[in-house]
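Worksheet: one structure, shown below.
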């Protein structure tokens with residue numbers, strides 16, 4: 001009799017445990033409506049899995065973590081966007097979140113050059129070298145607007161370039177275009193100057209002053225003598241903005257503003273909106289020279305003698 005009771009107890013326990021297992025493994029819902037699930041850039045794994053439970057995709061966080069761990073060590077869900085539905089099994093859901101992002105984040109920082117952006121696209125979207133080169137052939141330096149993008153993984157290099165240029169055209173608005181025309185200055189010129197400001201400024205506060213100095217030099221037919229232009233043509237993968245050495249400034253190169261008497265042939269990076277605004281709306285100043293001290297504070301001078309004094313004082 002005791003044996004029978006034990007056997008019945010074991011059977012009931014097995015049914016109970018099996019029921020729990022089935023409950024946690026089968027889909028959390030019968031709904032097959034598509035859901036775009038976005039994982040923010042700085043999201044923590046625990047927070048993402050908690051969202052999956054709170055939003056009705058899974059029933060057990062622990063079970064999902066275990067399945068994810070077994071599918072792909074260490075089972076981390078990367079930031080991006082995923083196409084999900086609540087009728088996915090826990091295994092299908094984990095596989096999608098670990099292997100099949102629909103969109104990936106790409107951060108274009110102010111001052112990035114196109115080659116840097118191409119590297120980021122290569123890393124995030126798993127582009128091959130052909131796609132990277134295609135992007136570089138299409139993308140217009142200076143017009144790939146600095147922004148945090150959520151880009152479809154199947155988007156072509158041309159589509160990505162057009163996406164970024166569209167944001168530039170949105171940010172550089174009609175008022176800015178009208179002011180550029182009113183000043184008889186081409187947008188290409190504004191973008192070139194903005195790219196120099198972006199690489200030369202210590203922060204947003206000094207951009208307009210640097211712009212005023214650049215315009216003063218251009219109006220007086222002085223060479224710009226901006227180190228960042230040498231950094232642009234000396235930069236290579238892994239060191240896109242190298243330290244400028246004195247011998248670099250002696251090289252004959254169309255982007256060496258120590259040698260040419262004008263702006264460089266094109267922008268040297270992709271400038272931010274504050275740099276674009278500074279290029280269009282410069283501070284009125286009599287200064288022709290500037291430098292930044294070790295705390296990134298700017299000091300300008302009207303004459304070369306004053307500039308040399310600032311060098312001795314601040315550097």
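The values are calculated or read from the model by the stated rules, or taken from the named source; none is laboratory data. These numbers were taken from a predicted model, which means no experiment stands behind them. Positions of Cβ are generated from backbone atoms using ideal geometry, with glycine treated the same way; all protein chains shown enter the neighbour counts.
The rows are residues; the columns are (1) out of contact with any helix residue (DSSP H, G or I) (no Cβ under 6 Å at 6 or more places or on another chain); (2) at pLDDT 95 or above; (3) assigned by TED's automatic domain parsing to the domain that holds residue 144.
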| position | (1), (2), (3) |
| --- | --- |
| 189 | yes, yes, no |
| 192 | yes, yes, no |
| 209 | yes, yes, no |
| 222 | yes, yes, no |
| 228 | no, yes, no |
| 231 | yes, yes, no |
| 240 | no, yes, no |
| 248 | no, no, no |
Exercise. Out of (1) surrounded by fewer than 22 Cβ atoms within 10 Å (Cβ to Cβ); (2) at negative phi, the odd one out for residue 192 is which?
Worked result: (1)
Seminar exercise, completed: When the range 102-127 is checked residue by residue, the ones that are part of a helix (DSSP H, G or I) and either out of contact with any strand residue (DSSP E or B) (no Cβ under 7 Å at 6 or more places or on another chain) or not assigned by TED's automatic domain parsing to the domain that holds residue 139 (or both) are 114, 115, 116, 117, 118, 119, 122, 123
Seminar exercise, completed: Given (1) surrounded by 19 or more Cβ atoms within 10 Å (Cβ to Cβ); (2) closer than 24 Å to residue 276 by Cβ; (3) touching a helix residue (DSSP H, G or I) at 6+ places or on another chain (Cβ under 7 Å), residue 138 misses just (1)
Exercise. Residue check: is residue 161 over 25 Å from residue 230 (Cβ atoms), surrounded by 15 or more Cβ atoms within 10 Å (Cβ to Cβ) and outside the structural domain of residue 228 (by TED's automatic domain parsing)?
Worked result: yes
Problem set entry | Flag if residue 177 is in a helix (DSSP H, G or I) and surrounded by fewer than 15 Cβ atoms within 10 Å (Cβ to Cβ) | yes
Problem set entry | Boolean, residue 132 is within 21 Å of residue 148 (Cβ to Cβ) and within 21 Å of the chain's Cα centre (by Cα) | yes
For this session: Report, by residue number, each residue of the range 52-63 that is part of a helix (DSSP H, G or I) and over 13 Å from residue 97 (Cα atoms).
Result: 53, 54, 61, 62, 63
Exercise. In the set 76, 89, which member is within 15 Å of residue 47 (Cα to Cα), surrounded by fewer than 17 Cβ atoms within 10 Å (Cβ to Cβ) and in contact (Cβ under 8 Å) with a residue 12 or more places away in the chain?
Worked result: 76
Exercise. Which ones in the range 295-309 are assigned to a strand (DSSP E or B) and touching a residue at least 40 places away in the same chain (Cβ under 8 Å)?
Worked result: 298, 300
Exercise. If we scan the range 273-288, do we find a residue that is within 30 Å of residue 184 (Cα to Cα) and without any contact (Cβ under 8 Å) to a residue 40 or more places away in the chain?
Worked result: no
Problem set entry | Residues of the range 264-276 satisfying the condition of being over 18 Å from the mean Cα position of the chain (by Cα) and surrounded by fewer than 21 Cβ atoms within 10 Å (Cβ to Cβ) | 265, 266
Problem set entry | Hey, residue 52 loosely packed, with under 14 Cβ neighbours inside 10 Å and in contact (Cβ under 8 Å) with a residue 40 or more places away in the chain or not | no
Seminar exercise, completed: With criteria (1) touching a residue at least 60 places away in the same chain (Cβ under 8 Å); (2) in a loop (DSSP other than H, G, I, E, B), residue 260 comes up short on (1)
Exercise. Of the residues 94, 43, 66, 81, which single one is under 23 Å from residue 150 (Cβ atoms), modelled with pLDDT of 60 or more and in a helix (DSSP H, G or I)?
Worked result: 94
